[in-house]
Amino acid sequence: MSADKIAPKISGNKNREKVTPASPIGVFDSGVGGLTVLRQIMQKLPHEDVIYLADTARIPYGGRSPQEIIKINNEIIPFLIEQGAKLIMMACGTSSAIAYPEVKDKYPIEMINLIDPGSRAAVEATRSGKIGIMATAGTINSGAFQQAIKGLDEKAQAEAIACPLFVPLIEGGFIEADETKRVAKEYLKPLLAAGIDTLILGCTHYPHLRKVLQKLAGKEVVLVDPAEEAVADTKKLLKFAGTLKSRGGQPRYEYFVTGPELHFQDLGSRLLGKPIVSVKQVKLPG
Ligand code: DGL
């Protein structure tokens, strides 16, 4: 769904009176994956304050049941609203695929998911119509990307593969390790054999492997990071709602985790390429 289509909804946003351009964007993921989305926010929305929640106590999300993913979302979203978020960015492919349809109208806040923007970007990028999707098992099994792609272009062919080993490797910091390259090569095999020319990085952890994946897939394959389009949508939406923060001093980035602080702080700083100065541990209700 384009931002133009979803934008009018915000005028009826019940949270609206409480939020201002100075309110932060709420971003969440199971771990360091959402930092690839945060990076896009830092580039495209450089004045916005952000509250980032990494649900590291429950990582990985990818193998969890749809019921668990929805329950988790129903704990995280109220937390971010409570912190004053003006918009929620689901910086998690699994939540976007499984929970977004269930929670999008349940809360008085606008939410951005990754499935629609990622599919749109892939359909625009492909020349052959053969689009690969790499994501968690939960996302692939939901069929969300496959359906969104078909909805945009009936003739497009989606080749999907679940990549359950990527998140543990990335969270372990094995970004360019030989093991990671070997695993990536195996996951890419069926997609390349199917002749894809475009590949959706359907889990927010995977853009951390962009260099490795691009090298193995070859430069003729376009890698699509759904966050790029999702953040562009966010900008349009905030502008329409009059809550875009387009100036001001240094933006404030606040980090919360449900697991240990130190690991997230160390790995996150390394992956983000900027120091994460402080991380607070929180207990979510439920
Ligand atoms: N980064 C998340 C996603 O985009 C979650 C991955 C996981 O925890 O398995 O799906």
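The values are calculated or read from the model by the stated rules, or taken from the named source; none is laboratory data. What you see is a predicted model, and the numbers here were worked out from it, not measured in a lab. Neighbour counts are summed over all protein chains in view; Cβ atoms, including those assigned to glycine, are modelled from backbone coordinates with ideal geometry.
Got at least one residue in region 211-229 being surrounded by fewer than 23 Cβ atoms within 10 Å (Cβ to Cβ), more than 18 Å from the chain's Cα centre (by Cα) and closer than 30 Å to Glu110 by Cβ? Taking every residue of region 211-229 in turn, at least one turns out to be surrounded by fewer than 23 Cβ atoms within 10 Å (Cβ to Cβ), more than 18 Å from the chain's Cα centre (by Cα) and closer than 30 Å to Glu110 by Cβ. Criterion applied to Ala91, Ala121, Ala137 was being more than 26 Å from Lys245 (Cβ to Cβ), modelled with pLDDT of 95 or more and of a type outside the set (Asp, Glu), and the one residue passing it is Ala137. Checking Lys189 against (1) surrounded by fewer than 20 Cβ atoms within 10 Å (Cβ to Cβ); (2) within 16 Å of the ligand (Cβ to nearest atom); (3) of a type outside the set (Gly, Ala, Ser); (4) part of a helix (DSSP H, G or I), which single condition isn't satisfied? Failed condition: (2).
For (1) buried (at least 24 other Cβ atoms within 10 Å of the Cβ); (2) of a type in the set (Lys, Arg); (3) free of Cβ contacts under 8 Å to residues at least 12 places away in the same chain, each residue gets a yes or a no:
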site: Asp49; (1), (2), (3): no, no, no
site: Pro78; (1), (2), (3): no, no, no
site: Lys86; (1), (2), (3): yes, yes, no
site: Met89; (1), (2), (3): yes, no, no
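Residues that are over 20 Å from Arg127 (Cβ atoms) and either in contact with a Leu (Cβ under 7 Å, 6 or more places away or on another chain) or of a type in the set (Lys, Arg) (or both) do not occur anywhere in region 217-226. Name the residue, out of Met134, Met111, that is within 14 Å of the chain's Cα centre (by Cα) and within 18 Å of Leu191 (Cβ to Cβ). Sole residue among the options that is within 14 Å of the chain's Cα centre (by Cα) and within 18 Å of Leu191 (Cβ to Cβ): Met134. The residues on offer are Val231, Val277, Val221, Val257, and the sole one that is out of contact with any Gly (no Cβ under 7 Å at 6 or more places or on another chain), among the aliphatic types (A, V, I, L, M) and more than 18 Å from Val27 (Cα to Cα) is Val221. Only one residue in Ile200, Ile170, Ile175, Ile196 is in contact with a His (Cβ under 8 Å, 6 or more places away or on another chain), of a type in the set (A, V, I, L, M) and not in a helix (DSSP H, G or I), so which one is that? Criteria check complete, one pass: Ile175. With respect to the conditions (1) surrounded by fewer than 20 Cβ atoms within 10 Å (Cβ to Cβ); (2) over 22 Å from the mean Cα position of the chain (by Cα), Ile196 lacks only one, and its number is (1).
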